[in-house]
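To start, the structure under review is shown below, and the notes come after it.
The values are calculated or read from the model by the stated rules, or taken from the named source; none is laboratory data. The structure presented is a predicted model; accordingly, all values stated were derived computationally and were not measured. Heads up, the Cβs are rebuilt from the backbone with ideal geometry, glycines too, and the neighbour counts pull from every protein chain shown. For the accessible areas, the whole protein counts, side chains as well, though only heavy atoms, and no ligand, DNA or RNA atoms are used. Shrake-Rupley method; radii C 1.70, N 1.55, O 1.52, S 1.80 Å.
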Amino acid sequence: MTVKHLKTTATIASLLLASGVVASVTAVADGNQRAASDSLTGTFYEAVSNSDGDEGLASWTTGDPTRTEVIPPGTDDGLYGQTGAISPDGEYIAYMTDDVGGANGNLIKVRDLDTGKITKVAEYSGQQKTCSFPTWAPDSQRLLVDKGSDFDDRAGFVDIADGSFDPVAVPHPCDMRAAKDGSVYSTAKADNSTVDVYVTDADGKTKSVGAAKAVEAASEWSLVGLGAVSPDGRFLCVYASEGYYEDLENRDIYCDTILDTASDKTVLSSNAETGYWHAGPSVFAVPGRVVVESDQDEIDAEEYQHLYDTRGELIDEVASTPDGVVAEDPAIGFVPQ
């Protein structure tokens, strides 16, 4: 995916308000969900690599963008940049390994970021037979995985406490994301070859959420991927472009369009008119808010993380480049303080 610099942070808000696109959400704090915040305060996580191509993990805080090495490159064979998922509570990272033909095979693992303990939670059948990266349920205790078409119980939740696997009947397990009520969102092609987002509830009933029409109404692009779902299932962050792939080789964990399923409208879009940005799996980490990242260009070497409300109004922003040094990779996770 190609992402460019967000030229002005105020442009998106002014255009959205002028067009009358207004969405809101009421955030209710409980044991697994933080209260809404007007400050972008917390810890960001980024994948890093060494000269040999080994991947690791670094973190930085909004008070000090200096990177701290969390997992040294070469510690494990994790694909952190492409598949890494930070748990909502900030205690774990889930990721995939890719050891085709090797002794370790293709594994899905969870690492405790405090103790460094690594746990294998599942095997998967290869990137060409798997089309969802591991993703966390909002409770940070269950990991939603796609083990690939070689497995009878292909998709489901792994309980990281005891390793048990609870299969889910998702017809097409691409880009699976979980809401707080246990519903699973995923992407698939409709009969007319249009890609759409579908939700499967706890009873196994699946229906379209109308995301494809919302993207087409607001963009020259089509919906091709699902990046994240808000815990209540109301807001989606999708990727709008061309093409669709039912494997992992050409998929991305990032997204560039925010949709409100209650109004079937686009709330926030990355484009030439409003400016370019992208968001990672933690885009809905702050209830009632949207966390997105702008990208530097050849003129401006500064990058920013932005906090918007669900009407498209900018609430806060922080520079994410220490001393003008551009980050090696986009952030893969954010944990609010």
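Quick check: from the Cα gyration tensor, does the stretch 25-319 come out rounded (a/c under 1.5), prolate or oblate? It is rounded, given that a/c, with a ≥ b ≥ c, falls under 1.5.
Heavy-atom accessible surface of the stretch 194-298, averaged per residue, reaches 40 Å², computed with a 1.4 Å probe. Can you work out the FRET efficiency for the pair Thr115 and Tyr245, with r the C-beta to C-beta distance and R0 = 45 Å, to the nearest 0.05? The pair Thr115/Tyr245 has a calculated efficiency of 0.80. Spatial offset of the stretch 149-203 relative to the stretch 232-292 amounts to 18 Å, using the alpha carbon center of each. Full extension of the chain segment joining Asp54 with Asp152 gains 32.0 nm, where the gain is 0.36 nm per residue of separation less the Cα-Cα distance.
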